[in-house]
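See below for the structure under consideration.
A short reminder: the numbers here are calculations on the coordinates, not readings from a lab. Just so we're clear, the structure is a prediction, and the values are computed from it rather than from any experiment. Glycine gets a Cβ as well: all are built from the backbone with ideal geometry, and neighbour counts include every protein chain shown.
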Amino acid sequence: MIIKTHKSILGSEITDPLVFKQRRQLIKAMLALGITGSGIYSGLSIANEAKWQDVTKGYQPKASLTATSAEIVKNHTNYYEFTYNKTDATTLAQALPIDPWSVEITGEVEKPGTYHLEDILTQQTLQEYIYRFRCVEGWSMVVPWMGFPLANLLKKVKPLSSAQFVKFTTLQDSKSMPNQAVNSMLEWPYVEGLRIDEAMHPLTILASGMYGEALPKQNGAPLRLVVPWKYGFKSIKAIVKIELLKRAPLSTWSKAAPNDYGFYANVNPDVPHPRWSQSSERVLGAGYFTPRRKTELFNGYADEVAALYSGMDLRHFF
Amino acid sequence: MVLRNIKPYTLCFSICLLPLLGIIIDMLFGNLGVDPILSLHIRLGDWSLRLLWLTLCITPLQTVTQWRGMSQYRKMLGLYAFFYASLHVLVYLWMDQGLVWSAITRDIIESSYIWFGLIAFLLIFLLAITTPLIMVKKLGKNWKKLHRYIYIASIAVIIHYYWQLKGNMAEPLFYLLILTLLLAFRLAVWFKNRKFAKLMIPTTRKIKVLKAESLTED
């Protein structure tokens, strides 16, 4: 079921022609990828390098961050549906069928439905968001995502006042995802969740690209969540379902290891993982003799998001 | 032939250096991946563990083959395990933490997996410094007792490995299985010896019991 939203278009919603052109390229690139696989990639990245700079910047308090090299970001992923190591998903994930792709939005909303990804993307303005990405394992990188605020999508489906939480679900496809086929390690499909105010926060985005090109499959194509003040595992990949709920969903990692991974998973140097410190992080691409950097509260986005958690004991709600 | 002139001891010594050579070559050619410090941690740690396990293989091998010329290899492998463990620790202190001692202290206090690594390293360090013959003579009977701490160290090593992983346990479980076999062998020998020792003690009552048993069996 496709539900079209009919409302007058505000001036601020009119897409900049340049961005629109860029977006068509992204969609084309995604479609091309679905057909031709990764072969087209190297050429695309060079062609898009120059155009990438033209994309307008989204709301981001740390825009001065220097992006990690794309080669590192593309070859260092935790995509446990495919593999346990960080490099093999680069090739294995190419088997993922991402075209056509649709996202079901359901639950406590006025306009539930299944939307084609292209319809979702054409209604949004893709912008660049340069965020630090901090993994719970103690490493970080800086990624220039291409995406749009999750709030903009949620507003279109009109959440009811009863919607208190948002649950995200990754694709279940044991044909292309080997570890789903053997039910290995975690309970599949992967599930994540946010509180509604976290989901509506302008820093929370859905990304469909990075470094000015379509999101590589190993990095969560065609659509992933990015919540920069939380550990990376909250930023769920290959989203097929977004549910607005009255109660908090149980996320995959919280279910698998409730003492290790909480619902919030906010980056916090003063709340160690039960088995390792979170006080510092290894900066990928920094070379051999650059020591670890000190991890910042809320990954450096405290000014923007700390208010969401005022009065909460962050040790208890980890 | 050239190879024939090489003593097995020298050959073993050189082979143990090959992993280090491989790591240095990969470092020079930038083949350590996108997180090279993590790669160094893993590769040096893995080789330290493997060499420690090999050290633990020597005694069972001696017992099974009845060949007594292997203690010098046990010593060499043990020292190599310590050597790779030292490099592993050095990479952590120097490259990863940049020798910032306040950060190191905090990291160790908050990371329980490092506690086990630290225990293992301190024990292996003790064993390594008591390797020279002078120390063996000085310690006398206690030397053997001290060097039995290799069992504790190897258990600490496997916990150190297992404790830092998020989900995939295949590799630590594989090494745990081998360690279990190696330690079970010693336990079996210990039980067997204890049984023999008991039999050797001439308690009249026991002999009578045995006789009675043998009679009933007849």
Of the candidates B:Val89, B:Thr65, B:Ala197, the farthest towards the positive dipole end of segment B:2-217 (Lys/Arg Cβ +1, Asp/Glu Cβ -1, centred on the Cα centre) is B:Ala197
For segment A:309-315, 3J(HN,Hα) per residue [Karplus equation, 6.51 cos²θ - 1.76 cosθ + 1.60, θ = phi - 60°, Hz, x = Gly/Pro]
10, 5, x, 8, 7, 5, 6
Amide H within-cut-off set for A:Trp139, under 5 Å, with H built and near neighbours excluded
A:Arg282
Going by Cα centres, segment A:86-110 and segment B:66-119 are how many Å apart?
42
Name the most mobile residue of B:Pro132, B:Pro19, B:Pro172, meaning the one with the largest mean-square fluctuation, in a Gaussian network model of chain B with Cα contacts below 10 Å.
B:Pro132
Quick one: what are the phi-derived ³J(HN,Hα) couplings along segment B:131-143, Karplus 6.51/-1.76/1.60 with θ = phi - 60°, whole Hz, x for glycine and proline?
6, x, 4, 4, 5, 4, 5, 4, 7, x, 4, 5, 4
Under the Karplus curve 6.51 cos²θ - 1.76 cosθ + 1.60, θ = phi - 60°, whole-Hz ³J(HN,Hα) for segment A:192-200, x wherever Gly or Pro sits:
9, x, 9, 6, 4, 6, 5, 5, 7
Just checking the output field for A:266-276: average partner chain Cβ neighbours within 10 Å of each residue's Cβ?
4
Would you mind telling me which residue in B:Thr131, B:Thr55, B:Thr105 has the biggest mean-square fluctuation in a Gaussian network model of chain B, where springs connect alpha carbons within a distance under 10 angstrom?
B:Thr105
Projected onto the charge dipole of the protein assembly as shown (+1 at Lys/Arg Cβ, -1 at Asp/Glu Cβ, origin at the Cα centre), which of A:Ile105, A:Thr66, A:His273 gives the Cα projection farthest towards the positive end?
A:His273
How far apart, in nm, are the 7 Å Cα→Cβ label points at B:Leu21 and A:His116?
6.1
